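Single-structure report; data block below.
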Amino acid sequence: MIDFTRTRGKFHLPEGVVYLDGNSLGPMPVAAGERLSRMLADEWGDQLIRGWNTAGWYVQPRKVGDRIARLIGAAPGTVVMGDTLSIKVYQALSAALELNPERSVVLSDSGNFPSDLYIAQGLLRSLERGYELKVVEPEEVEDAIDDTVAAMMITEVDYRTGRRHDMKRLTARAHDAGAIAIWDLAHSAGAVDLDIAGADVDFAVGCTYKYLNGGPGAPAFIYVAPRFADRARPSLAGWMGHAAPFAFDLDYRPAPGIERMRVGTPPVIALTVLDAALDVWESVDMRDVRARSIELSERFIAGVETACPDLELGSPRNSHERGSQVSFRHPHAYAVMQALIARGVIGDFRAPDAMRFGFTPLYLDLDDVDRAVALLAEVLDRKLWDTPEYHSKATVT
Ligand SMILES: *Cc1c(COP(=O)(O)O)cnc(C)c1O
């Protein structure tokens, strides 16, 4: 087992805070500031436009993609960075539909993150080919896979409850039925040990500002299985995904392999910060992270169930069916969470009644968990949440 006290020292964590929201926005790696200053001065400042070649900006989306690939169980050269996750969902789904043109159903579930469903709705409408987005309950996905399904588009770990789908099994079922499997790993990458190549996933997408600590607005990633990498046709056919961007041809020709999933100019500054954040992951094995995350989550669940009888577990009890977050339900979940945040324990609220807590072994230990449980119990026992200031909702919850 790796020494997590060493990784903890690599993050800037405000004094007195127990941060249980790294599933939504990871904390700042200490190295990010220094790395960014250096990049601004030496690269942008001194190299100016030459930086595209001399500082490797142009190849950065692939190089950073290779670092993500290691964490999700994909081969080098199969992942590329850029844009936001919503855009990557669009790219994966539109390419999948073109690869399976005889079919008309996109299958997803009600545990998916709304943006993924909105993107699918917008795409299917603009295609005007009679596509149907079929949204079933998470438990019904397997039975809903049939030979009408062109693409199954599923988020592996539910953003509210942490419920985890069986990626390997559902992908195999989708393939048996002739459907393409698209997985959103937003709450999986950096949270659980993944083997997307072993699970034979067709497309995978994810963001990097959650468990991977790339900072607000950090660029997203997309994976395309090698068998499709030269066949997937990008619908967002931008010049950086062209086979020869600097030939300035008038017609689009996709670049070989995963490069075609690039769209426009990459966010070099954000990729530099993300690259610094990924250094922390170099020393860890995802299996250790997963084992520790289960230990922390189990301690939290046991502690809360003993100390806070008013709360109801909103997550699967079996750790193998959960990602790295736990939610508890309370009729005044928003106010309770605000009172808890005011006391230094930061989690978040998800409508209608969930308090969500993320467990991130790189910078959390058992003492943090115990402290969070004790403060939560105090907030509930003494009804500290029941004041007007804690009831008024902010724009971002
Ligand atoms: C966080 C999250 C998103 C957010 O998408 P952005 O384009 O990065 O804002 C989308 N889908 C899922 C499943 C998420 O968890």
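Each residue of the stretch 227-234 in turn: what ³J(HN,Hα) in whole Hz from Karplus with 6.51, -1.76, 1.60 and θ = phi - 60°, glycine and Pro shown as x?
3J(HN,Hα) across the stretch 227-234, in whole Hz: 5, 9, 4, 9, 10, 5, 9, x.
Between Ala151, Ala92, Ala41, find the one with the highest GNM mean-square fluctuation for the chain; connect C-alpha pairs within less than 10 Å.
Among Ala151, Ala92, Ala41, the largest GNM mean-square fluctuation belongs to Ala41.
In terms of Cα to Cα distance under 29 Å, which lysines are near enough to Lys88, apart from those fewer than 8 places away along the same chain?
Lys63, Lys134, Lys168, Lys210
Below 15 angstrom from the Cβ of Ala41, what's the summed charge of the other residues (Lys, Arg +1; Asp, Glu -1)?
Neighbour charge sum, excluding Ala41 itself: -1.
Let me know the charge dipole size of the chain about its Cα centre in debye, to the nearest 20, where only the beta-carbon of Lys, Arg (+1) and Asp, Glu (-1) is charged.
About 740 debye.
Non-local amide H neighbours of Leu313 (under 5 Å, H modeled in plane, Pro and chain starts lacking H): which ones?
So Leu313 has HN proximity to Arg329.
If I model the stretch 1-57 as equal point scatterers sitting on the Cα atoms and use the Debye formula, what is log10 I(q)/I(0) at q = 0.15, 0.21, 0.24, 0.27 Å⁻¹?
The computed values of log10 I(q)/I(0) come out as -0.64, -0.83, -0.93, -1.05.
Assuming a viscosity of 1.306 mPa s and a temperature of 10 °C, what translational diffusion coefficient in µm² per second does Stokes-Einstein assign to the chain, Rh being the Kirkwood radius over Cα pairs?
Translational diffusion coefficient: 72 µm²/s.
How large is ³J(HN,Hα), in whole Hz, for each residue of the stretch 240-249 in order, when computed from phi with the Karplus curve 6.51 cos²θ - 1.76 cosθ + 1.60 and θ = phi - 60°, using x for Gly and Pro?
Each residue of the stretch 240-249 in turn: 6, x, 6, 4, 9, x, 8, 8, 6, 4 Hz.
The stretch 58-281: percent of C-alpha pairs farther apart than 21 Å?
51
Could you list the GluC sites (Glu not before Pro) in the stretch 15-75 that lie in coil according to DSSP, counting only those with at most 13 other Cβ atoms within 10 Å of their Cβ?
Those that pass, being in a loop and sparsely packed, are Glu15.
In cubic angstrom, how much convex hull volume per residue do the alpha carbon atoms of the stretch 1-119 span?
Value for the stretch 1-119: 203 Å³ per residue.
How many angstrom lie between the C-alpha centres of the stretch 217-252 and the stretch 337-382?
One Cα centre to the other: 42 Å.
Regarding the stretch 208-317, what are the three Cα extents along the principal axes, ordered largest first, in Å?
Projected onto its principal axes, the Cα set of the stretch 208-317 covers 67, 27, 26 Å.
Given springs between every Cα pair under 10 Å in a Gaussian network model of the chain, which of Gly215, Gly51, Gly73 has the largest fluctuation?
Taking springs between Cα atoms under 10 Å, the residue moving most is Gly51.
Can you list the aspartates and glutamates whose alpha carbon sits under 15 Å from that of Lys10, skipping same-chain ones fewer than 8 residues off?
Excluding near neighbours in sequence, the set is Glu34, Asp275, Asp279, Glu282, Asp365.
Under 12 Å from the Cβ of Met81, count the other residues' Cβ atoms, weight Lys and Arg +1, Asp and Glu -1, and hand me the total.
My count for the surroundings of Met81 gives +1.
What do the square roots of 5 times the Cα gyration tensor eigenvalues come to for the stretch 267-306, in whole Å, largest first, as semi-axes of the equivalent ellipsoid?
Whole-Å semi-axes of the equivalent ellipsoid: 32, 13, 5.
Count the net charge of all other residues whose Cβ sits under 12 Å from the Cβ of Arg227, scoring Lys and Arg as +1 and Asp and Glu as -1.
In short, -2.
At 222 nm, what helix-only mean residue ellipticity would the chain give, in deg cm²/dmol to the nearest 500, using -39500 (n - 2.57) for each DSSP H run of four or more?
When only DSSP H runs of four or more count, the value is -10500 deg cm²/dmol.
May I ask which residue of Trp57, Gly257, Val304 lies farthest towards the positive end of the charge dipole of the chain, with charges of +1 (Lys, Arg) and -1 (Asp, Glu) on Cβ and the Cα centre as origin?
Positive-end residue among those listed: Trp57.
Read-outs: derived from the displayed coordinates by stated rules, not from any lab. Note that the structure is predicted; figures quoted are calculated from it, not measured. Ideal geometry is used to build each Cβ from the backbone, glycine not excepted, and the neighbour counts take in all protein chains shown.
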